[in-house]
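The values are calculated or read from the model by the stated rules, or taken from the named source; none is laboratory data. It should be emphasised that the depicted structure is a prediction, and the values quoted were computed from it without experimental measurement. Neighbour counts run over all protein chains shown; Cβ positions are idealised from the backbone, glycine included. The accessibility values were calculated without ligands, DNA or RNA, using every heavy atom of the protein model including side chains. Shrake-Rupley method; radii C 1.70, N 1.55, O 1.52, S 1.80 Å.
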Amino acid sequence: MMNTMKNNRHIFKQSFNQLLVVLGLCIAASNVSAERLKDITSIAGVRSNQLVGYGLVVGLDGTGDQTSQAPFTIQSLKSMLSQFGITLPPNVNPQVKNVAAVSLHAELPAFSKPGQTIDVTISSIANSKSLRGGTLLMAPLKGADGKVYAIAQGNVVVGGFGVGADGSSITVNIPSVGRIPNGAMIERGVATAFMQGNSITLNLHTPDFTTANRVASSINKGIGDGTAQAVD
């Protein structure tokens, strides 16, 4: 009777230990995850491009540039008016308070096509106190090569504001900076060398010899031997 009980305990203990081992392997297997290529690499030559421009924001509620301190605002306004057949006398400088000279910048994504739209950020470059309520007039956005890639226009959305009373004031965020969501229409795309050859190059976000070899091995295992190789 005692031997039978000892044998049963031994069998139970052995089975319990085996069950723990199986559970441990299952937990370890569940914690193993594979990284996607798009998360650790980028395709060489496929990138965005920066655009920059200059324009005028009109319709401000008295928070525009002080033209006596920012003469280029008046020069820009005169130049715009002359395009519509309105010529101001040379010695006349209108003191407008609802116009501000601004710089524009945007990012042109890879593979962008004419007719698509992108967001634009508007920043005052003179002494405008706020761009809230203003409207950006048609302004070109140029690339580093000097070519026009997009045209921006629209109502400026400002996240900051400022108030003042009795000689004191408070400002939240930056009211002299705003955005125009989908405010620029793409006029031309940027040529890329992608898919013009018989191979593509994947650049690791964190260069590492081991990771490069593992990426090449994974591609070869999934597609076929000789498909990929680690260059460096």
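Assorted remarks:
- Within the stretch 196-232, being assigned to a loop (DSSP other than H, G, I, E, B), surrounded by 10 or more Cβ atoms within 10 Å (Cβ to Cβ) and free of Cβ contacts under 8 Å to residues at least 40 places away in the same chain holds for ASP208, THR227, ALA228, GLN229, ALA230.
- Pairing each residue of the stretch 61-79 that is under 12 Å from SER128 (Cα atoms) with any residue that is open to solvent by less than 70 Å² (accessible area, probe 1.4 Å) and assigned to a helix (DSSP H, G or I), provided the two are 6+ apart or on different chains, yields C-beta distances under 9 Å for GLY64/THR73; ASP65/THR73; ASP65/ILE74; GLN66/THR73; THR67/THR73; THR67/ILE74; THR67/LEU77.
- Tally of residues being closer than 18 Å to VAL58 by Cβ and in contact with a His (Cβ under 9 Å, 6 or more places away or on another chain) across the stretch 123-164: 1
Table: residues versus (1) at pLDDT below 85; (2) not small (Gly, Ala, Ser).
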residue: GLY146; (1), (2): no, no
residue: VAL163; (1), (2): yes, yes
residue: ASP166; (1), (2): yes, yes
residue: VAL177; (1), (2): no, yes
residue: ALA191; (1), (2): yes, no
residue: ILE200; (1), (2): yes, yes
residue: GLY226; (1), (2): yes, no
residue: ALA230; (1), (2): no, no
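- Annotation: of all residues in the stretch 91-115 being over 16 Å from the mean Cα position of the chain (by Cα) and among the hydrophobic types (A, V, I, L, M, F, W, C), the one that is most open to solvent (accessible area, probe 1.4 Å) is VAL92.
- Residue satisfying all of: in the stretch 29-50; modelled with pLDDT of 70 or more and in a helix (DSSP H, G or I); most open to solvent (accessible area, probe 1.4 Å) among these: LYS38
- Note on the stretch 59-90: residues that are among the acidic types (Asp, Glu) and open to solvent by 50 Å² or more (accessible area, probe 1.4 Å) amount to 1.
- Residue within the stretch 116-123 that is in a loop (DSSP other than H, G, I, E, B), touching a helix residue (DSSP H, G or I) at 6+ places or on another chain (Cβ under 7 Å) and surrounded by 14 or more Cβ atoms within 10 Å (Cβ to Cβ) present: no
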